[in-house]
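Undergrad: One structure follows; several queries about it will come next.
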Amino acid sequence: MSSSAKCVTTGWADLPENGLDLAAIDPRNGPQFSPNLYRFLKGRGQTWATTCRVYLDMDGILRIGSLDDGWLHGAWLMGVLCYGLREQVWAHPPGSLGDLREITDFWTDYMRIGRCAIDPEHKQSFIGDESRWAVHGDERLCLWCGNAHQKLETWVEEVRNERWMTA
Ligand SMILES: [Zn+2]
């Protein structure tokens, strides 16, 4: 089996594979896997799916795509999660997104814990979030990764109001 792939349509240089097994992230395997991300990767084709990587840009935004000679051919990862194949892929000129830092273990983590790999802090909400948490009173456990435990915090805020009245 070849360890690299070539995109003939754009004449890209050989891109190393990313280790992603598309069948492993089929949403039928569990609710932790995004149906939209799966459809997006399937729709873009095997070569794209097995070479794309996830990068963090200078604004802290996750991008999915491939770097070719400094150009990022990619899409906004959260947009892909929300809109699937309707999310556009753009060619970003070198430097336009700042220094792109690759999330090197992204696909390994995603295959293991699904969307918790995108939100390790467990602060975001996703489509299908209701399948994510097992709630017991004021505590909840993440069912997607099995590794996050949160406690519900309750507080009361004092509000000072004022208005003009007839004297
Ligand atoms: Zn989790």
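Just so you know, all these numbers are worked out from the coordinates, no wet-lab data involved. What you are looking at is a predicted structure, and each value in this text was computed from that prediction instead of being measured. Here the Cβ is made from the backbone with ideal geometry for all residues, glycine too, and neighbour counts use every protein chain on show.
Undergrad: Would you mind classifying the range 52-92 by shape? Square roots of the alpha carbon gyration tensor eigenvalues, ordered a ≥ b ≥ c; an a/c under 1.5 is rounded, otherwise it is prolate if a/b is larger than b/c and oblate if not.
TA: It comes out oblate by the Cα gyration axes.
Undergrad: Can you give me the relative contact order of the range 1-137 as a percent, contacts being Cα pairs under 8 Å and 6 or more apart?
TA: Relative contact order here is 23 percent.
Undergrad: Continuing with the same structure: Given labels modelled 7 Å from the Cα in the Cβ direction, how far is it in nm from Ala167 to Ser125?
TA: For Ala167 paired with Ser125, the spin-label model returns 4.8 nm.
Undergrad: Given the options Glu130, Glu157, Glu102, which has the most mean-square fluctuation in a GNM of the chain, springs set between C-alpha atoms less than 10 angstrom apart?
TA: Glu157
Undergrad: Could you give me the ³J(HN,Hα) list for the range 54-70, computed from phi with Karplus coefficients 6.51, -1.76, 1.60 and θ = phi - 60°, whole Hz, x at Gly and Pro?
TA: 10, 10, 9, 8, 5, 9, x, 9, 7, 10, 10, x, 10, 8, 9, 6, x
Undergrad: In addition: The chain: longest stretch without exposed trypsin sites (Lys or Arg not before Pro) (DSSP loop, at most 12 other Cβ within 10 Å), sites themselves excluded?
TA: 1-122
Undergrad: Another question about this same structure. Would you please give the residues with an amide H less than 5 Å from that of Ile103, counting only those at least 5 places away or on a separate chain, with H modeled from the backbone geometry?
TA: Those qualifying (amide H under 5 Å, at least 5 residues apart or on another chain) are Val54, Tyr55, Leu56.
Undergrad: Expressed as cubic angstrom per residue, what is the convex hull volume of the alpha carbon set of the chain?
TA: Hull volume over Cα atoms, normalised by residue count, gives 189 Å³.
Undergrad: Specify the longest stretch of the chain that does not include any exposed loop site, a site being one of the chymotrypsin sites (Phe, Trp or Tyr not before Pro) with a non-H, G, I, E, B DSSP assignment and at most 11 other Cβ atoms within 10 Å.
TA: 1-154
Undergrad: Once phi is turned into ³J(HN,Hα) by the Karplus curve 6.51 cos²θ - 1.76 cosθ + 1.60 with θ = phi - 60°, what whole-Hz value does each residue of the range 30-47 show in order, with x for glycine and proline?
TA: With the stated coefficients, the range 30-47 comes to x, x, 6, 9, 6, x, 5, 5, 4, 4, 4, 5, 5, x, 7, x, 4, 5 Hz.
Undergrad: Compute the FRET efficiency between Asn147 and Gln88 as 1/(1 + (r/R0)^6), taking r as their Cβ-Cβ distance and R0 = 30 Å, and round to the nearest 0.05.
TA: 0.35
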